[in-house]
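Peer 1: Handing you this structure, nothing more for now.
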């Protein structure tokens, strides 16, 4: 079967893409690489005629039929639409200039708007004259021709705000403006609002409020904020939200962003202990100045003006085999420099497992040319039967997806105690099936991107990666190269959340770069990223629980089913952790089933399977509490695992566990004892239904991962540079490592800098940014590296102070004698005397106790857990089904908050991501074809500042002093997003109806309210 557009395939073209292939409405001032002719009749009735660059085609404005000549078109109109006026005037879509004949218009367009033409742009007060094509967007010209890469690209559809610049005083998304349109205007980019010394006040406000995580969205937010404040120096909260609603922060940092724009820097009072650096709320992110000025480099910022651009061809069937592929027409298109397919690129395959799966990629002089070339590729398929419904996939005789050799399911089971005995002891038993939960893509603002360049037989890669060293290994393996010849740099990563940990895009870029003989940039379009990158997978659960009449749990029998989609990754095997770890129960049977279907692939999303599992499990916990006669808080406090309780399966001690403190504090924050009521029992004055809910969560994240390395260099002036082998995929890990190094060396926080990071040639392997492990695992390595460097300084100081090294201490920038602090030298004095270089090297320690706890001695193997909880207060409109968040409290056990602002930002971001999971995120597939129907932010209904009401959110840091991590820390990134079940429980408390298949949409609530059962 030949490749062609399928009935279920969505029409989802960007404005520029639409212009490049079709044209614009009459009177528009832009056009694409296909030349559009706007034609008018004598009565000024609009007519549209399109001419492409390859072959003139004239389109009938009444029925869309195409003709090779204008004469054929006019004759056709005369014969078939005799009542219509003939075409008499022709208008240029670029500037609305009118002509009396087609020939005059063609001559004008040929001279002014085809090929390259000279334009002059006024950018940041400097006049630039350059050659540009008529269809080049302003964002493309700013980045690739002028090298102003602070303007970011997130969607090329005007839906994310990352590319915002100021034009004549107004904030404009530059991806929707053609460069030719911007001539004669004053353009200001992020590079133009500050000098090399002084930040703009808006930038300084973002710095002071730590209003950035991955940082990719930050320049766009700042430009809109500046434009607002230039015209309205004292905006209200609602005005700020309205202006910023055109921007997306996928990391969930809008609370701090809105606060920064309002020039309100949140201050917290905190009693400091003996530590000088760690936990100080005033310490700023080490990289935030580079972020707010647009200087932090991301993959696509490299080699501007020197690279080709890539687009991919996706399969039009959910399950098929490629029989043949013909790229000859694409190769012949002017501007195409290289093509790769499954035949010569190890990433692609001739076995198609989902709609949109890549079968080929093209590198061309610009993205529009690459898109046109993709459409010329002809693919012949053998179409196979697809299965999209996981319930259908589990049935006997279901079509095999191909992930497993003889079935679509992969089982796993764990147990403890005697499950039959546990239920026999129960006075009350509940058994419920809930799900499926929502299927969605991570939506990182920076799509998966890599720039590849070959120098001889050495390969250079710039990419956004959560796992730089592993990615380098995979690339080297694909090309059968030694690691020493693959040089990978991953500085800024515009959001990760688990979406940027594999090799695919880098290898495609490298294959095409080798073929083309020049650098190549592979950057998925927003739609391609929604289809081809990893997704959070749906989960369904059947949970049976038994309890005594006083509420004590006696048995848990749970089965979680995970729709692992086309790659069949069995991540659902961890879903039962939330029940195994959070509640004390002596008898349990914990089963997991991974199910393969023909959907776009799944992978890590923050906390893997635990957010979905927590959502379903915590609903059942509330159901059981109601049957027992306890309110949800009472039931949880009765059954949660206490800090001194060893792991119920391994018997190992928990290095920390702040779950009880979390439940107490979040319940106080929502005034639980006063606000909780029976389901449906409270109606607010405006007629909305009031509800309150709570959720508890313990998972295996935030722990020690595989060992990693760290390097600390001491300069002659006593300052230090850390070399960190990870990228900036989220906010604060590099800064947390700087805190640990400063505390260990005994220097000021400002005296420790991030030297280089994410560079496989310079840094030690920093491991994988996943599992919330970087602060604790990398932090342990940096603690040891700093100790190594400190010991070298102490050896020199011993001679200078005339005391043994074991009698020396370092703090507040001084190295001194413990018994006589007046006998000291500064770090600079000691470093100057030390033989260079002073380089500290460190390695992660094992997952063992660093101090004794609960009767377990130091050095004992232990478990480190991610611990969190949330409380939600909502108002549900019974007429519209809308859920309004009145208050949402998120508390996370941080162990020790190393980088206070970073911890706070992670927890606040978790709140916004919980709202997204509960109420918004959902990727919708056509059930006939498997095509994604909402592959974009707008159709995906991604929440903005207007949806989030961040002033109603509260982040609570619970410090439990972990006994395994350096200075008592552990990871928090994933536990902070997992408690969106609190919103579901609050909705139940408001309505008396459970919504077991999120997102909780108005339609589902209205349906539930109308259901008398």
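Peer 1: Tell me the mean residue ellipticity at 222 nm calculated for the chain from its helices only (DSSP H runs of n ≥ 4, each -39500 (n - 2.57), averaged over every residue, nearest 500). Each step should come with its number before you reach the end.
Peer 2: On the way: 28 runs with 262 residues, N = 1013.
When only DSSP H runs of four or more count, the value is -7500 deg cm²/dmol.
Peer 1: Follow-up question, since we're still on this one. Arranged from highest to lowest average of other beta-carbon atoms within 10 Å per residue, in what order do the peptides 596-608, 802-814 appear? Could you put the intermediate results ahead of the total?
Peer 2: Details: 596-608: 26.6, 802-814: 14.8.
In decreasing order of mean packing, 596-608, 802-814 become 596-608, 802-814.
Peer 1: Mind sorting 127, 394, 800, 545 by how few other Cβ atoms lie within 10 Å of their own Cβ, fewest first? Spell out each step's value before the answer.
Peer 2: On the way: 127 8, 394 18, 800 15, 545 28.
Sorted ascending by nearby Cβ count, the order is 127, 800, 394, 545.
Peer 1: So if I take the centroid of the Cα atoms in the stretch 803-831 and the same for the stretch 909-948, what is the distance between those two points in Å?
Peer 2: One Cα centre to the other: 56 Å.
Peer 1: Still on this structure: Order of 691-698, 287-294, 753-760 by packing, highest average Cβ count within 10 Å first? Before the final figure, lay out the partial values.
Peer 2: Working: 691-698: 29.4, 287-294: 23.8, 753-760: 20.0.
In decreasing order of mean packing, 691-698, 287-294, 753-760 become 691-698, 287-294, 753-760.
Peer 1: Let me ask something else. Relative contact order for the stretch 117-192 using alpha-carbon pairs under 8 Å, separation at least 6, rounded to a whole percent?
Peer 2: Working: 142 pairs, mean separation 29.7, N = 76.
Across the stretch 117-192, relative contact order equals 39 percent.
Peer 1: Roughly how tilted is helix 659-669, in degrees to the nearest 10 and between 0 and 90, from the longest Cα axis of the chain?
Peer 2: Relative to the chain, helix 659-669 is tipped by roughly 70 degrees.
Peer 1: If one takes the longest principal axis of the Cα atoms in the chain, at what angle in degrees, from 0 to 90 and to the nearest 10, does the Cα axis of helix 779-801 lie?
Peer 2: 60 degrees
Peer 1: In what order do 316, 887, 584, 970 fall by count of nearby beta-carbon atoms within 10 Å, going from fewest to most?
Peer 2: Listing 316, 887, 584, 970 from fewest to most nearby Cβ atoms yields 584, 887, 316, 970.
Peer 1: So what is the relative contact order of the chain, in percent, for Cα pairs below 8 Å that sit 6 or more residues apart? All intermediate terms of the calculation are to be shown ahead of the outcome.
Peer 2: On the way: 2627 pairs, mean separation 123.4, N = 1013.
The value is 12 percent.
Peer 1: Let me ask something else. Taking other Cβ within 10 Å of each residue's Cβ, how do 921, 128, 355, 980 sort, fewest first?
Peer 2: 128, 921, 355, 980
Peer 1: Would you mind pulling out the separation of the Cα centroids of the stretch 392-464 and the stretch 189-207, in Å?
Peer 2: Between the Cα centre of the stretch 392-464 and that of the stretch 189-207, the gap is 44 Å.
Peer 1: Also, quick follow-up: Place the peptides 863-873, 427-437 in order of packing, highest mean first, counting for every residue the other Cβ atoms within 10 Å and averaging per peptide. Intermediate results must be reported in sequence, preceding the final value.
Peer 2: Numbers: 863-873: 29.6, 427-437: 17.9.
Answer by packing, highest mean first, reads 863-873, 427-437.
Peer 1: Place a point 7 Å from Cα of residue 231 in the direction of its Cβ. Which residues in the stretch 909-952 have their backbone N less than 17 Å from it?
Peer 2: Zone members listed by number: none at all.
Peer 1: Helix 468-479 sits at what angle to the longest principal axis of the chain, using alpha carbons and giving 0 to 90 degrees rounded to 10?
Peer 2: Tilt of helix 468-479: around 50 degrees.
Peer 1: Still on this model: Given contacts defined as C-alpha pairs under 8 Å and at least six residues apart, what's the relative contact order of the stretch 900-1013, whole-number percent?
Peer 2: Numbers: 102 pairs, mean separation 40.0, N = 114.
Normalised by residue count, the contact order of the stretch 900-1013 is 35 percent.
Any read-out appearing in this document is the output of simple, stated calculations on the displayed coordinates, not a laboratory observation. Being a predicted model, the structure only gives us computed values, none of them experimental. With ideal geometry, Cβ positions are generated from the backbone for all residues, glycine too; neighbour counts draw on all protein chains shown.
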